[in-house]
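Below is one structure, written out as structure tokens; comments come after it.
The values are calculated or read from the model by the stated rules, or taken from the named source; none is laboratory data. Bear in mind the structure is a predicted one, so any value in this text is a computation, not a measurement. Neighbour counts are summed over all protein chains in view; Cβ atoms, including those assigned to glycine, are modelled from backbone coordinates with ideal geometry.
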Amino acid sequence: MKTVAYVHNKAISAGAMIALACQEIVMRRHTTIGDCQAIMISPQTRTIEPAPEKIQTNVRAVMR
């Protein structure tokens, strides 16, 4: 089954990650696609932080 992502206005963060996982991306004119990064909530500070490099590496491998 072919997967297609349709971007109406913008695809950023998880939206970009989902779009990049599809076989085809269809975008309207003047739409944008932004960067994405695996993130996590720190259990100590309860703040959003980039995930550790070993998780980032795994996400990059899966997205290829």
Of all residues in the range 5-44, count the ones that are exposed (fewer than 11 other Cβ atoms within 10 Å of the Cβ) and under 13 Å from the mean Cα position of the chain (by Cα).
2
What strands (runs of 3 or more DSSP E) completely inside the range 20-63 contain at least 3 residues that are at pLDDT 90 or above?
24-27, 48-50
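Test Ala16 against the criterion of being part of a helix (DSSP H, G or I) and either modelled with pLDDT of 95 or more or of a type outside the set (Lys, Arg) (or both), and give yes or no.
Yes, satisfied.
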Report whether or not Thr47 is at negative phi, touching a strand residue (DSSP E or B) at 6+ places or on another chain (Cβ under 8 Å) and exposed (fewer than 10 other Cβ atoms within 10 Å of the Cβ).
yes
